[in-house]
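Read through the structure below, which is laid out as structure tokens, and then see the notes.
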Amino acid sequence: PVPGKTKSAHSSLTIFITDMKASTYKRIVVLTGAGISAESGIRTFRDADGLWENHRLEDVATPEAFARDPQLVQRFYNDRRRQLSEVEPNPAHRALADFEQRFHGEFLLVTQNVDDLHERAGSQKLLHMHGELNKARCLLSGRVIEHKGDISADVLCPCCQRPTLRPHIVWFGEMPLYMDKICATLEQCDLFLSIGTSGHVYPAAGFVDIARQAGAHTVEINLEPSNTEDAFAEHLYGQAGLTLPHFLQ
Ligand code: BV8
């Protein structure tokens, strides 16, 4: 049988048939979201009901919020950056890194996450489309620097020698990073895996459509059906730390 979703004689029962292991594909794109870091102890956006200190995410993770109250926004990211030193990659991160090492085809891991757990698990072919907590960006020069500590008014940009640093994070209303590379790779892939994302935030939530139109097999690996579950040919529900090592073996 070819991989895909087929409806049995009993129309209510859908049998998902995949007889091909991930390693038999040639060009794989993986998208991850907050759910892959949940078992490491990093709260997902849904767990927090999209809130932080009773602020709606959309009211904190925006350029307008930063212009209105830079200290509040810096504190939001300083808190999350500090938490990185208290958490470790989990088996889901490690399963992806191990698979990348032994896979002989083309592989790209695109993450919506801004934590550094994929890198720390060993992933290398990795793009952070929404930026990274451990980087800062100069508002004047646009220069991006590694920055693991707090960002505050007394932390100067090394090139401008002025307090002009913002988190290197893609906020709502800002263009995600690496979009040309991501879309070009999606248009060529033969397997698209979406792991630990609720499928609410675009353009990431639309990647499955690009992959499907390219003829790729599409698999959603999540704790529960996402907002875009119907776009996927196959579904694997459960905790990623348990399902992924098995799926990618
Ligand atoms: C843009 C950094 C345009 C910040 C983030 C249509 C098209 C284009 C844009 C839009 C559109 N409609 C609306 C928009 C605007 C907006 C948007 O999508 N809004 C939403 C709210 C409707 N999009 C944007 O603004 C984007 N920019 O479109 O620019 C443009 C064009 C030209 C010029 C300029 C601009 C930018 C969006 C990026 C925002 N930044 N992150 C930060 O982190 O602080 S988004 C942020 O929220 C995350 O990065 C992530 O992407 C998103 C949260 O989603 P998830 O990762 O899915 O997390 P969530 O908690 O929701 O779900 C977790 C899932 O895991 C759940 O399903 C759960 O069941 C599962 N799970 C839990 N535990 C486990 C698990 N699964 C497995 N195992 C477990 N153990």
Using θ = phi - 60° and the Karplus curve 6.51 cos²θ - 1.76 cosθ + 1.60, what whole-Hz ³J(HN,Hα) does each residue of region 109-116 get, with Gly and Pro shown as x? 9, 9, 10, 7, 6, 10, 7, 10
All aspartates and glutamates inside 15 Å of LYS135 as judged from Cα atoms, apart from same-chain residues fewer than 8 positions distant: ASP79, ASP115, ASP116, GLU119, GLU146, ASP150
Lone cysteines in the chain, going by a 4.7 Å Cβ-Cβ cut-off? CYS159, CYS183, CYS189
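With both bridge residues required to lie in region 69-194, what share of the DSSP beta bridges run antiparallel, to the nearest 5%? The partial results should precede the final answer.
Details: 7 of 10 bridges.
Here the share of antiparallel DSSP bridges comes out near 70 percent.
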Tilt of helix 70-83 relative to the longest C-alpha principal axis of the chain, in degrees (0 to 90, nearest 10)? 60 degrees
For region 28-94, which GluC sites (Glu not before Pro) pass both filters: DSSP loop (anything but H, G, I, E, B) and at most 12 other C-beta atoms within 10 Å? GLU53
Rounded to whole Å and sorted largest first, what semi-axes of the equivalent ellipsoid does the C-alpha gyration tensor of the chain yield via the square root of 5 times each eigenvalue? 35, 18, 17
Any chance you could tell me what percent of the C-alpha pair distances in region 72-198 go past 18 Å? 59 percent
If you filter region 110-176 for GluC sites (Glu not before Pro), then keep DSSP loop positions with at most 15 other Cβ within 10 Å, what is left? GLU174
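Every number in this text was worked out from the coordinates using simple rules, so none of it is lab data. Note that the coordinates shown come from a computational prediction; the quantities given were computed from them, not determined experimentally. All Cβ positions, glycine included, derive from the backbone under ideal geometry; neighbour counts span all protein chains shown.
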